[in-house]
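Student: Sending over a structure as structure tokens; questions will come in a sec.
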Amino acid sequence: MATLSLQHIDKIYDNNVQAVYDFNLDVKDGELIVLVGPSGCGKSTTLRMVAGLEDISNGKLLLDGKDITNAPAKDRDMAMVFQSYALYGHMTIYENMAFSLTLRKENPNVIHKKVLAAAEVLGLTSQLNKKPAQLSGGQRQRVAMGRSIVRNPKVFLFDEPLSNLDAKLRGATRREILLLHKRLQATMMYVTHDQTEALTLADRIVCMSMGHVQQVGTPLELYDSPANIFVASFIGLPPMNFFDVTVSGEKLIGEGFEVSLTPEEKHTLAAYQGKQIVLGVRPENIVLGNDVPATVTMNENLGMNTLVHAYVGGNTGVKVTAKLKGWTDYKADDTVSFTFDRKHFFDKETTVAIHGGEL
Ligand code: ADP
């Protein structure tokens, strides 16, 4: 059982750089939380404060309700897996996994049981007598996780554990972490700059920008109802397209195109009649239709889908990327016409999503 509570946490480094502002999060027992955001947004700093590797400047950190804000790292009962897995080259996989328990002078029978159990979970049973150099990058990362598992910590912390692996191995190891989480049912915090890792791994995502939490929610909530333009553009690949439009009766009028609003959309935008807003449309929500004329710049076939890059409203207009089903062979300067089958609306000044309701 392990819950974490981060309450109004700030981090101000000695050079007066504030890396984290008022971070609030209650992590449930067994939950896998992914902190995601661009480089420098404060993810690692937050994780390192939880681990006890950085002081917490303001605020409180509770583990199972107990205040551990100022507890030393070694007393926190947490294990951290880093991107560089730093195994001991002269030791076998077994010895590497047993190392922390051997240091603690645990009973050798207990150590043996724990190492075998962890190796079983990680599919490393047949590798235990090998040296790290004989293993693949993915297997070495699993050994690094094994070292954490044998300690049976309350909380697992992962700092970009996959960023040293190539694309194929990254996918495979990501699925292993997901399985591991299901088997161990342990509380985990995981840091990545990769939105795909966040969407595929997380029970809940914390999306950060410039030290501030932008949104906390399930992957589907962040994908389907992004709180603001930052989250909308960070989650989803290729990123969402954005257009400046004016709300005019039952229509949105943009540069070189008009789209009509459903009655629900009109209701959502009631407070914005006659005003400019930002319209967001995901590439996968664009289909061929009759509303939005565009000029193709590039056609990228991906197999099942094609990314069609185009300008809306002539060559000086807004760039748009559509993810069309199947295989298309558009050439540069071809004209196409799109329809948007799902729209997101954002306040132009605050960048906050418009959900309507409050008239
Ligand atoms: P992320 O993990 O999201 O890439 P970090 O938490 O590493 O971001 O960094 C957040 C901000 O804090 C950055 O502006 C970074 O330059 C700054 N920072 C990180 N570590 C230190 C440090 N030891 N001293 C001063 N500033 C730091």
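Student: Any idea what log10 I(q)/I(0) is at q = 0.18, 0.21 Å⁻¹ for the range 202-276, Debye with uniform C-alpha scatterers and no solvent?
Tutor: Once normalised to I(0) and log-transformed, intensities are -0.85, -0.96.
Student: OK, next. For the range 23-63, with equal point scatterers placed on the C-alpha atoms only and solvent neglected, what are the log10 I(q)/I(0) values from the Debye formula at q = 0.27 1/Å, to two decimals?
Tutor: -1.19
Student: Take peptides 77-87, 142-152 and line them up by average Cβ neighbours within 10 Å, highest first, as a rough protection proxy. Show your work: numbers first, answer last.
Tutor: Details: 77-87: 17.9, 142-152: 22.1.
The densest-packed peptide leads the list: 142-152, 77-87.
Student: Turning to a different aspect of this structure: Using a cut-off of 21 Å between alpha-carbon atoms, which lysines can reach residue 325, once sequence neighbours fewer than 8 places away in the same chain are excluded?
Tutor: 343
Student: Taking a temperature of 25 °C and a viscosity of 0.890 mPa s, what whole-number D in µm²/s does Stokes-Einstein yield for the range 169-300 with Rh from Kirkwood over alpha carbon pairs?
Tutor: On the way: Rh = 17.5 Å.
Rounded, D is 140 µm²/s.
Student: Still on this structure: Taking just the C-alpha trace of the range 267-359, give me its Rg and Dmax in Å.
Tutor: Computed over the Cα atoms of the range 267-359, radius of gyration and Dmax are 15.2, 46 Å.
Student: Now, a different point. State the percent of C-alpha pairs, over all pairs in the range 142-234, separated by a distance greater than 18 angstrom. Working shown, then result.
Tutor: Working: 2050 of 4278 pairs.
Pairs farther apart than 18 Å: 48 percent.
Student: Ignoring solvent entirely, what values of log10 I(q)/I(0) come out of the Debye formula for the chain at 0.09, 0.12, 0.13 Å⁻¹ when each Cα is a single scatterer?
Tutor: -0.63, -0.95, -1.04
Student: For the range 45-95, what D do you get in µm² per second when you plug the Kirkwood radius from alpha-carbon pairs into Stokes-Einstein at 37 °C and 0.692 mPa s? Can you show the working numbers first?
Tutor: Details: Rh = 12.8 Å.
D, rounded to a whole number, is 256 µm²/s.
Student: For the chain, which whole-number percentage of the solvent-accessible area (1.4 Å probe, protein heavy atoms only) is attributable to carbon and sulfur atoms?
Tutor: Details: 8910 of 17280 Å².
The nonpolar share, carbon plus sulfur, comes to 52 percent.
Student: For the range 1-90, what percent of Cα pairs sit more than 19 Å apart?
Tutor: Details: 1682 of 4005 pairs.
Summing the P(r) tail past 19 Å for the range 1-90 gives 42 percent.
Student: Going through the DSSP H helices of the chain, which span 15 Å or more along their own axis at the Cα atoms while scoring at least 0.5 as a mean Kyte-Doolittle hydropathy? Don't skip to the answer; put the middle values down first.
Tutor: Details: long enough: 93-103 (16 Å, 0.80); 108-122 (21 Å, 0.70); 137-149 (18 Å, -0.78); 167-184 (25 Å, -0.36).
Taking the DSSP H segments of the chain (at least 15 Å long, mean hydropathy at least 0.5), we get 93-103, 108-122.
Student: In Å and whole numbers, how far do the C-alpha atoms of the range 286-330 stretch along each principal axis, longest first?
Tutor: 30, 19, 13
Student: A further question follows. Remind me, relative contact order of the range 164-277 in percent, using alpha carbon pairs under 8 angstrom and six or more residues apart? Don't jump to the answer; show the numbers that get you there.
Tutor: Numbers: 110 pairs, mean separation 15.6, N = 114.
Relative contact order here is 14 percent.
Student: Starting from the Cα of residue 225, step 7 Å along the direction of its Cβ; do the same at residue 275; then give the gap between the two resulting points in nm.
Tutor: The modelled label-to-label distance comes out at 2.1 nm.
Student: Still on this structure: By the gyration tensor of its Cα atoms, with a ≥ b ≥ c the square roots of the eigenvalues, what is the shape of the range 58-184: rounded for a/c under 1.5, prolate for a/b over b/c, or oblate? If you can, show how the numbers build up before the last one.
Tutor: Working: a/c = 1.89, a/b = 1.28, b/c = 1.48.
Judged from the Cα gyration tensor, the range 58-184 comes out oblate (a/c at least 1.5, b/c at or above a/b).
Student: Under 15 Å from the Cβ of residue 93, count the other residues' Cβ atoms, weight Lys and Arg +1, Asp and Glu -1, and hand me the total. Kindly include the intermediate steps, with their values, before the conclusion.
Tutor: Values: positive: 114, 130, 131, 140, 142, 147; negative: 95, 120.
Here the charged neighbours net out to +4.
Student: Next up: Taking the highest mean first, how do the peptides 329-335, 38-44, 259-265 order by number of other beta carbon atoms within 10 angstrom per residue?
Tutor: Details: 329-335: 11.3, 38-44: 17.4, 259-265: 13.3.
Highest-to-lowest ranking by the protection proxy: 38-44, 259-265, 329-335.
Student: Tell me the accessible surface of residue 76 in square angstrom (1.4 angstrom probe, heavy atoms of protein chains only), to the nearest ten.
Tutor: Probe radius 1.4 Å; accessible area of residue 76 about 10 Å².
Student: Mind checking the per residue accessible area of the range 265-359 for me, 1.4 Å probe, whole number of Å²?
Tutor: Details: 5050 Å² over 95 residues.
Heavy-atom accessible area per residue stands at 53 Å².
Student: Structure shown: which of 66/130; 60/114; 28/113; 74/168; 251/319 lie over 31 Å apart, alpha-carbon to alpha-carbon?
Tutor: On the way: 66/130 41 Å; 60/114 33 Å; 28/113 29 Å; 74/168 35 Å; 251/319 21 Å.
Cα-Cα > 31 Å for 66/130; 60/114; 74/168; rest within.
Student: Among 63-69, 160-166, how do they line up by average Cβ neighbours within 10 Å per residue, starting with the highest?
Tutor: Details: 63-69: 14.0, 160-166: 17.9.
Descending packing order for the listed peptides: 160-166, 63-69.
The values are calculated or read from the model by the stated rules, or taken from the named source; none is laboratory data. Keep in mind that what you see is a predicted model, and the values were worked out from it rather than measured. Here the Cβ is made from the backbone with ideal geometry for all residues, glycine too, and neighbour counts use every protein chain on show. Accessible surface areas use protein heavy atoms only, side chains included; no ligands, DNA or RNA. Shrake-Rupley method; radii C 1.70, N 1.55, O 1.52, S 1.80 Å.
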